[in-house]
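Worksheet: one structure, shown below.
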Amino acid sequence: MNVTESNSFLPSELSRVVNADRLLPNQPTLSIFFKGDRDTFAARLETVTNSVLSVANLRDKWDLTEAPSFSYEALGSDLSGLHFLQVLVRLGNVRTALEVGTYIGVSTLFLAEAVGPDGQVVTIEVGEEFSEIARENFRRNGMEARIELINSDVASVLPSFTSAGKAFDMVFLDGDKGSYGVLFEPLYTILRPGGLMVVDDVFCNGDTLNEMPTSDKGRGVKALLDKVAALPPDHTRVILPFGNGQLLITKPE
């Protein structure tokens with residue numbers, strides 16, 4: 001930052017800035033030049049982040065059937081996060097991806113598009129209603145050939161992958177948060193060497209920021225985070241503090 005551009009910060013104040021002051025774009029240190037009403041900051045941030053995307057609305061990209069009880073936005077990944085998944089797939093030349101937690105299949109569609117016509121996405125969803133909606137969305141958007149949907153509990157499916165020696169280039173964990181700690185090892189086992197694991201919602205709506213999580217979901221996520229923290233240094237990992245928190249882990253070759 002050029003301190004001559006604004007009187008908002010003096011050099012002496014800059015010397016007191018720490019990393020925790022610079023995690024999120026709405027923090028004072030990173031938004032001193034924003035001139036709008038603070039109540040409009042989130043909307044303006046969304047406008048700018050979406051401005052570089054090929055579509056401004058996921059419903060402009062996909063023909064979707066949605067769950068009748070609530071909007072996609074209530075539980076689904078945001079538009080930038082979905083495009084970020086595609087960036088990761090293409091950077092890693094991912095051809096096989098495993099998704100845990102299909103919901104209505106939107107993230108699955110983004111993954112399937114990115115792996116290409118010769119790739120495959122296996123997605124596991126325990127909810128029967130969500131599975132039916134997701135299958136319809138795959139059919140309506142011509143992606144059935146690239147996607148295998150398994151309507152079952154993930155814990156009952158993983159042993160068959162292990163016994164068959166199945167390995168994936170990428171694992172995307174976005175299912176039951178309370179099971180994150182239990183699922184980490186079996187999922188990491190079927191991630192190929194050099195592969196990428198993406199874990200969504202690791203802030204768990206703020207619960208993992210507490211000294212001790214207060215919910216089963218928070219405790220499940222914290223158990224996973226503790227296991228990741230104990231990995232050797234060559235298992236490169238990072239938490240990105242956007243949305244509800246996203247953890248990336250690369251498995252060494």
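The values are calculated or read from the model by the stated rules, or taken from the named source; none is laboratory data. What you are looking at is a predicted structure, and each value in this text was computed from that prediction instead of being measured. Here Cβ is always computed from backbone atoms with ideal geometry, including for glycine, and neighbour counts include all displayed protein chains. Protein only, heavy atoms only, side chains kept; ligands, DNA and RNA dropped before computing areas. Shrake-Rupley method; radii C 1.70, N 1.55, O 1.52, S 1.80 Å.
Only one of the numbered conditions (1) farther than 19 Å from Asn141 by Cβ; (2) touching a residue at least 40 places away in the same chain (Cβ under 8 Å); (3) open to solvent by less than 40 Å² (accessible area, probe 1.4 Å) is not met by Asn50, and that is (2).
Can we say Pro193 is surrounded by fewer than 20 Cβ atoms within 10 Å (Cβ to Cβ), within 25 Å of Val94 (Cα to Cα) and more than 20 Å from the chain's Cα centre (by Cα)? Yes; evaluated as a whole, the condition is true for this residue.
Only residues that are under 24 Å from Thr189 (Cβ atoms), open to solvent by less than 50 Å² (accessible area, probe 1.4 Å), without any contact (Cβ under 8 Å) to a residue 40 or more places away in the chain and not aliphatic (A, V, I, L, M) were counted in segment 209-241, giving 1. Restricting Gly142, Gly165 to residues that are at pLDDT below 95, on the phi > 0 side of the Ramachandran plot and surrounded by fewer than 17 Cβ atoms within 10 Å (Cβ to Cβ) narrows the list to Gly165.
Report the residue count in segment 69-126 for those that are β-branched (Val, Ile, Thr), buried (at least 22 other Cβ atoms within 10 Å of the Cβ) and touching a residue at least 60 places away in the same chain (Cβ under 8 Å). Residues that pass the stated criteria total 3.
Among the residues of segment 127-137, those identified as open to solvent by 10 Å² or more (accessible area, probe 1.4 Å) and either in contact with an Asp or Glu (Cβ under 7 Å, 6 or more places away or on another chain) or within 22 Å of Asn57 (Cα to Cα) (or both) are Phe130, Ile133, Arg135, Glu136.
Total residues in segment 127-150 satisfying the condition of being within 20 Å of Glu73 (Cβ to Cβ), touching a residue at least 40 places away in the same chain (Cβ under 8 Å) and not β-branched (Val, Ile, Thr): the figure is 6. A search for C-beta distances below 6 Å between a residue of segment 167-193 that is touching a residue at least 60 places away in the same chain (Cβ under 8 Å) and any residue that is open to solvent by 10 Å² or more (accessible area, probe 1.4 Å) and part of a helix (DSSP H, G or I), counting only pairs 6+ apart in sequence or on different chains, returns Ile190/Phe161.
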